[in-house]
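See below for the structure under consideration.
Derivation of every value follows stated rules applied to the coordinates shown; laboratory data play no part. Owing to the predicted nature of the structure, the values given are computational and were not obtained by experimental measurement. With ideal geometry, Cβ positions are generated from the backbone for all residues, glycine too; neighbour counts draw on all protein chains shown.
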Amino acid sequence: MSDKIRPTHLARKAILYVRQSSAYQVAHNLESQRLQYGMRERLEQFGWSDIDVIDEDLGRSAAGLVTRSGFDRMVADVCLGKVGTVAAREVSRFARNSREWQHLVEMCRVVDTVLIDQDTVYAPRLSNDRLLLGLKGSLNEYELDLLRQRSVEARRQKARRGELLIVSPVGYVKGEHRLEKDPDRRVQDAIDLVFRKLLELGSVRQTLLWFHEHGLELPVTNAREQVRWRRPSYGMVYSMLTNPAYGGAYAYGKTEQVTTYADGEPRQTVRRKPREHWLAFIPEAHEGYVSWEQFERVQGAIAQNRLGRGHVGAAQRGAALLAGLLHCRRCGHKLLVGYTGNGHDVLRYQCRRGWLDNGEPRCIGVAGLAIDQAASKEILRVVQPAAIDAARLADAEQSRQLDDVAAAWHHDLQAAHYHAKRAQKQFDQVDPDNRLVADELERR
């Protein structure tokens, strides 16, 4: 029995704090959990019978970037004077940052609560123990920073060589030191079709709508990197079209985490970085689905669809023919489109971007019907000599589109035949009397 533990401490309850930093540690570092829970026997040997085990922070880091409800509850009980001791296997389990660590030590000093780890009993009211706790807190924080720095630097060096393969994009599998195309031709043809349709239709949304119109699915991978097929979403198509891996390039460090504080709580957001600030960028690192020149064309088409100054912008609702194409000669801003009248069918081009953004005077506003009619006449005059050739090209393009749809459906049919034959083979091999298995195979 330590002389630092007095009857006043034993009269209050003890708190045993159990914590591990990540979900992986919770699932796999089971011996560490047993050692931490084993501290209960040490508290019983000291004489405590009322022991509260707080383990709701399992899987939460103590670096100070996430809220730990268990730690907050423990500190609140200490402040109320209900706790005689707080215990952990190592004091680093309490906190890995000076703010929370010093706050806990100071509260324990004020209400005369002792701290216990596997080796020592600390009384924060004693100056030597308080000094030792302060040094241990600083060492714990430094140790975490050192481990993180070593790990991050090792990952960066491997990434600069193009050998850090964390998650392979759909359509690729991990090779020994590089990405390799998925051997499934159905997957390959689906990804090729996405890029061809973007170059043909000009926007991500139109590409998505084309797949929806023809009822085609796209491949996705799960946590085990197994391919599944599902109805495409905008995020699926956009991430595929903007991933440099499909252009044959290895890229790492495209985003960065930014920590902001709202209402006193840290918030982490992800921000994309310009290409010149990427940590690693290695063209022709593996076989791409498109050439790098084609990939750059795709990025240019997507960039032009953004609304704003310097971009034409994607087509919007309304009858305006020149929306996004006209600019004000006075200030250079893009002319905005407005519709007036009872049926909202009277077209008008207006320059009021400066007024909307900075309160500047409006520049110009003109009726749009005459402008669109004049532009239509000029367009028809220019394309009229090539009308027959254009019709032939449109017919050939329509036939090619139907061939693309038929090819995609043919791949889907082949995959369905394979799964049906596989289920039939399993059904033929099972004992009919084994109904637990036979019922499931019959359902399939």
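Per-residue packing, averaged as other Cβ atoms within 10 Å, sorts the ranges 206-219, 156-169, 82-95 into the order 82-95, 206-219, 156-169, beginning with the highest.
Counting residues in the chain as N, plug N into 2.2 N^0.38 Å and put the Cα Rg over that result. Normalised Rg, Cα atoms only: 1.47.
Taking 0.36 nm per residue of separation and subtracting the current Cα-Cα distance, fully stretching the chain between VAL366 and ILE51 would add 105.5 nm. Mind giving me the nanometre distance, one decimal, between the label points for ARG156 and ASP72, set 7 Å out from Cα along Cα→Cβ? Once both label points are built, they end up 3.4 nm from each other. A crude spin-label estimate for the pair GLU217 and GLU41, with each label 7 Å from Cα along the Cβ direction, gives 5.4 nm.
The range 73-97 and the range 410-444 have Cα centres spaced 57 Å apart.
Of the residues ILE54, ILE364, ILE371, the one with the fewest other Cβ atoms within 10 Å heads the list, and the complete ranking is ILE364, ILE371, ILE54. A cut-off of 5 Å between modelled amide H atoms, ignoring neighbours fewer than 5 places along the same chain, links ARG352 with LEU336. In the chain, the calculated helix contribution to ellipticity at 222 nm averages -15000 deg cm²/dmol per residue, counting -39,500 (n - 2.57) for every DSSP H run with n ≥ 4. Between GLU293 and HIS177, full extension at 0.36 nm per residue minus the direct alpha carbon distance yields a gain of 39.3 nm. Using every pair of separate Cα atoms, the Kirkwood estimate puts the hydrodynamic radius of the range 7-158 at 15.9 angstrom.
For the Cα atoms of the chain, what angle does the longest principal axis make with the long axis of helix 69-79, in degrees from 0 to 90, nearest 10? The angle comes out near 40 degrees. Only beta bridges with both residues in the chain are counted; by DSSP, about 70 percent of them are antiparallel. Taking 4.7 Å between C-beta atoms as the pairing limit, the chain has these partnerless cysteines: CYS79, CYS108, CYS331.
Taking the chain as the region of interest, the number of lysine pairs whose Cα atoms are within less than 19 Å, with members eight or more places apart or on different chains, is 6. Relative to the longest principal axis of the Cα atoms of the chain, the long axis of helix 387-429 lies at roughly 40 degrees. Working note: Karplus 6.51/-1.76/1.60 with θ = phi - 60° gives the range 430-442 the couplings 7, 6, x, 6, 7, 5, 4, 8, 5, 4, 5, 5, 5 Hz, where Gly and Pro are set to x. Rg/Rh, computed from the Cα trace of the range 164-305 with Rh as the Kirkwood radius, has the value 1.00.
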